[in-house]
Structures are given as C-alpha cells and as structure tokens.
Amino acid sequence: MTDLTPNSTFLIVGIVFITIAVIGQSKLAFIEINPGCFGRILALLIGISSLLYALGLLNFSTVNLDLLRTSLTEQIKQSISSINDLLQGS
C-alpha cells in the first residue's frame, strides 16, 4: 500500500467535501448525509481550500511571508511619509 502524503490527503478531503456540497441530501445504504444550506456552503469552502492547498496555491513558505511582510512595511512607510508631506504642505 502506498503512503499518504499531505498533498494527496488534502486532495482526497477536498474531493469528498466538494462532493458533499454538490450532492447535498443523500442516503446510501447505512449513511445519511443531510448537511443543510449552511453545511453545504461550509463543505464547499473547506473543499475548495483543501484543493487549493493540495495544488500548492495556499502553501506559503517562510521566505515568501518574510518578503510579503517587508514589502508591506515599505509601502506603509512610504504612505506615511507622503501623508506627512501632504499635511506639512497645507
């Protein structure tokens, strides 16, 4: 039997939750699924986020997060300095 990697686990979970969201109310031999409206929306959100994580779109590395943080800090500093220049010029 093969080992389950996190990517394949998230892929399976995403497919299961999207299936629950699409089918909605169903009854199999001994399993009854009745998520309701809120449950279907929640299952859809969990399914989509799991599939995106499995595809690597939500898998952020610390390097990317540090780069994003420094970029945002620089943008905020520039915005504050331009607001100060605007206020001093008035």
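Points to keep in mind about this one:
- Pick from the stretch 57-90, criterion loosely packed, with under 10 Cβ neighbours inside 10 Å and outside any helix (DSSP H, G or I), ranking: modelled with the highest pLDDT: SER61
- Residues that are in a helix (DSSP H, G or I) and surrounded by 13 or more Cβ atoms within 10 Å (Cβ to Cβ), drawn from the stretch 13-26: VAL13, GLY14, ILE15, VAL16, PHE17, ILE18, THR19, ILE20, ALA21
- Tallying residues that are outside any loop (DSSP other than H, G, I, E, B) and open to solvent by 50 Å² or more (accessible area, probe 1.4 Å) within the stretch 1-12 yields 6.
- Residue count for the stretch 27-44, restricted to those that are assigned to a helix (DSSP H, G or I), open to solvent by 70 Å² or more (accessible area, probe 1.4 Å) and either of a type outside the set (Val, Ile, Thr) or at positive phi (or both): 5
- Unique match (being at pLDDT 90 or above, small (Gly, Ala, Ser) and closer than 28 Å to PRO6 by Cβ) among GLY39, GLY47: GLY47
The values are calculated or read from the model by the stated rules, or taken from the named source; none is laboratory data. The shown structure was predicted, so the numbers you read here are calculated from the model rather than taken from an experiment. Neighbour counts are summed over all protein chains in view; Cβ atoms, including those assigned to glycine, are modelled from backbone coordinates with ideal geometry. Just the protein is used for accessible areas: all its heavy atoms, side chains included, with ligands, DNA and RNA removed. Shrake-Rupley method; radii C 1.70, N 1.55, O 1.52, S 1.80 Å.
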